[in-house]
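One structure is given here, and the rest of the page talks about it.
Any read-out appearing in this document is the output of simple, stated calculations on the displayed coordinates, not a laboratory observation. Quantities reported herein were computed from a predicted structural model and do not represent experimental measurements. Methodologically, a virtual Cβ is constructed for each residue, glycine included, from the backbone with ideal geometry; neighbour enumeration extends over all protein chains shown.
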Amino acid sequence: MTAGEPPASDADSEGRAIATLRVLNRLARDVLSESSVDVALQRLVDEAKQLLRSDFSAIVLLRPGSTTAIAHFAYNAPRRLFPSRLPRMVGLLAGPVVTQRAVRLDDIRGHPDGVGIPVEHPPVAALLAVPIFVGDEVVGELAVANAPGRGSFDDVDEVVAGEVAAHAAMAVSLSRAAQARAEVDTARKDFLDVSFHNIRTPLTVIKGFVSTLRARGELLGRDERDRCFDSIERALDRVQQVAEGRLPLLEDPVSEGIPSGEVVDVEVTEMLQAIARDASAADGNVKVVATVEPRTPASFRAEPQVVHELLGNLVGNAVKHSPEGDTVSLVARGDGAFIRFDVSDNGSGIPAREQARIFEQFYRTRESMDRGLAGTGLGLWLTRRLAELLGGSVGVSSRRGHGSTFWLTLPVDGSAPGTRTG
């Protein structure tokens, strides 16, 4: 009620109540139809000032997990009157958040708790502030205030302020729900992108060996044909794993868990020859040569499908960037408690400014895009993530015009002691 006004008659009070209900109903529709939480909160602040006949009104939202830090501030007054953004909730303004109750005072000037309003703000006397609840959580508050001599707030005002705060809570809830849906959509897209990436490589291998068998099958010896069929069978197994959601990082694209397949002794020479054979057949124009250096462990403990995924990504990437008729080398050697694999090509190399980014999710080099090379920008990201989860590491050494060497290290004993840098 404004100072100096005569008491309202029953008819006036009833008329105001009806008008207030109409405004609140309209606000509810506006909040439900508004996609921007910022716009919705500003509209609520504007209406709160009108409904409560106040000089100033504001909605403050807190940062998640904090009772003082401010994440959002909507204010109804010329910006020149309030040029600085409130950094945090203090003094009387923090009352509704701390006590989870409304604060209503006729005159806050000189209050021992302080006001919590910047000194450049015009003088304030009467204050009404109510908490904004989302469930049992206080996410902020609605505050209205009057200048000295402009009257105080009553019980009806507190009820109306609580209703506006409930509308603000609805806006926050809708915003959170929209954000959650967006995160689910992103996770679903990531899942599909990773699935596409992991199914494309084995399909390419299958196509390559089928083409070989169709063109030269009668000329191949029995052992060579058997190796072709073995490679096709391995590729089909990988396709089946994708379909069943058993390939690492597919069941939960945002999981930080370490793959939990069967760890066995992996024969180094046999594995490298199989990877080289698959990659050579998949491309047909680039040969992959596998070499095992002296003093390299004959075997190491790992999940065969995971290692095949890691090295397959690196070798496939090297083949894709190699000139037609060129050779890619795949070399294994011992490195203390680790086994190291180097994949080298004679391509155009990677500019220094891009080397730090090529392991980022969805990142593709400018050359890849300019040449129209197929890819999703997931292979190297998946490789680094898997390697680190398994206690290894991955990196690159490259000079423009001199090709690239990607290296991968994995612990020989199959343990995952942490990330190792090379």
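Taking 0.36 nm per residue of separation and subtracting the current Cα-Cα distance, fully stretching the chain between residue 361 and residue 147 would add 71.6 nm.
Label zone of residue 107 (point 7 Å out along Cα→Cβ, amide N under 20 Å): in region 127-158 this covers 127-129, 144-155.
Computed from the Cβ-Cβ distance with R0 of 60 Å, the FRET efficiency linking residue 154 to residue 211 stands at 0.10. Judged by the gyration tensor of its Cα atoms, with axes a ≥ b ≥ c, region 10-180 is oblate; a/c meets the 1.5 cut and b/c is at least as large as a/b. Work out the FRET efficiency for residue 180 and residue 137 from their Cβ-Cβ distance, taking R0 = 22 Å, and round it to the nearest 0.05. With R0 = 22 Å, the Cβ-Cβ based efficiency is 0.90. Straightening the chain between residue 233 and residue 289 buys 18.0 nm, computed as 0.36 nm per residue apart minus the Cα-Cα spacing.
The distance between label points at residue 66 and residue 173 comes to 2.6 nm (points 7 Å beyond Cα on the Cα→Cβ vector). When 348, 33 are arranged by Cβ crowding within 10 Å, least crowded first, meaning fewest neighbours, the order is 33, 348.
Annotation: extensible slack from residue 267 through residue 73 equals 63.6 nm (criterion: 0.36 nm per residue apart, minus Cα-Cα distance).
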